[in-house]
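The values are calculated or read from the model by the stated rules, or taken from the named source; none is laboratory data. For clarity, every value in this text was computed on a predicted model and none was experimentally measured. Because the Cβ atoms are built from the backbone with ideal geometry, glycine has one as well, and the counts that use them run over all protein chains shown. Just so you know, the surface numbers come from the protein's heavy atoms only, side chains and all, with ligands and any DNA or RNA stripped out. Shrake-Rupley method; radii C 1.70, N 1.55, O 1.52, S 1.80 Å.
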Amino acid sequence: DQQVKQNSPSLSVQEGRISILNCDYTNSMFDYFLWYKKYPAEGPTFLISISSIKDKNEDGRFTVFLNKSAKHLSLHIVPSQPGDSAVYFCAASVNNFNKFYFGSGTKLNVKP
Amino acid sequence: DAGITQSPRHKVTETGTPVTLRCHQTENHRYMYWYRQDPGHGLRLIHYSYGVKDTDKGEVSDGYSVSRSKTEDFLLTLESATSSQTSVYFCAIAAGVEKNIQYFGAGTRLSVL
């Protein structure tokens, strides 16, 4: 049973607009959440994270929002650029156990 | 770059043969992980290690074994490869102040014919 879910396999956005990628989780014990970006033939690269004590974390064009009551997090990319085209994975962990659970990924296509 | 090297990068093998994938890290990280990535499933944890000779199973460990005899190397072995083990395999380490961020190798693409 997947504990982290990304229900949108793909998303297409025009360059310069906002990209919103969504992620849901079921385990209320998760206390740390991460987003990774993956290009073809490469390993995933860490993008941004958020602790459960926060509801927002921002890094440049990337912002992650966490809604604990809804068990939902989202990644906003503003403005979107063609180089952002990649597969995005969300992940969650229970900090003390150092195990990470990943969603199935969302493929983002940013059109020029 | 967390100094992670996976070898081989590509491998084609036949059903029933043993296969060992190697993950090598140069920065003395304690936690190491093996994942497989398949379409529609994302990244699924196979095994992980929290120190030399200390390993534990992940969610898809059947058919796989691991060994960690020294800090820098984490080996994943398919004792008798099956076609269902055709996948891309990623090694990762945990780093950061609270070891709560994973960094990944470039992956090994394994085809079992």
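General remarks:
- Some residue of region A:33-40 being crowded, with 22+ Cβ neighbours inside 10 Å, of a type in the set (Ser, Thr, Tyr), within 10 Å of chain B (Cβ to nearest Cβ) and closer than 20 Å to A:Gln3 by Cα: yes
- Single residue of B:Gly42, B:Gly63, B:Gly51 found to be on the phi > 0 side of the Ramachandran plot and free of Cβ contacts under 8 Å to residues at least 12 places away in the same chain: B:Gly42
- Those residues of region B:91-113 which are more than 8 Å from every other protein chain (Cβ to nearest Cβ) and either in a loop (DSSP other than H, G, I, E, B) or open to solvent by 30 Å² or more (accessible area, probe 1.4 Å) (or both), in sequence order: B:Gly96, B:Val97, B:Arg109, B:Ser111, B:Leu113
- Hits in region B:37-60 (condition: exposed (fewer than 14 other Cβ atoms within 10 Å of the Cβ) and either at the interface with another protein chain (Cβ under 7 Å from one of its Cβ atoms) or among the hydroxyl-bearing types (Ser, Thr, Tyr) (or both)): B:Gly40
- Single unsatisfied condition, B:Val88 versus (1) within 11 Å of chain A (Cβ to nearest Cβ); (2) of a type in the set (A, V, I, L, M, F, W, C); (3) part of a loop (DSSP other than H, G, I, E, B); (4) within 25 Å of A:Asn7 (Cα to Cα): (3)
- Residue satisfying condition, being open to solvent by 60 Å² or more (accessible area, probe 1.4 Å), within 14 Å of another protein chain (Cβ to nearest Cβ) and among the hydrophobic types (A, V, I, L, M, F, W, C), within set A:Ile48, A:Ile53: A:Ile53
- Of the residues making up region A:72-101, those that are under 28 Å from B:Arg30 (Cβ atoms) and open to solvent by 10 Å² or more (accessible area, probe 1.4 Å) are A:Val94, A:Asn95, A:Asn96, A:Phe97, A:Asn98, A:Lys99, A:Tyr101.
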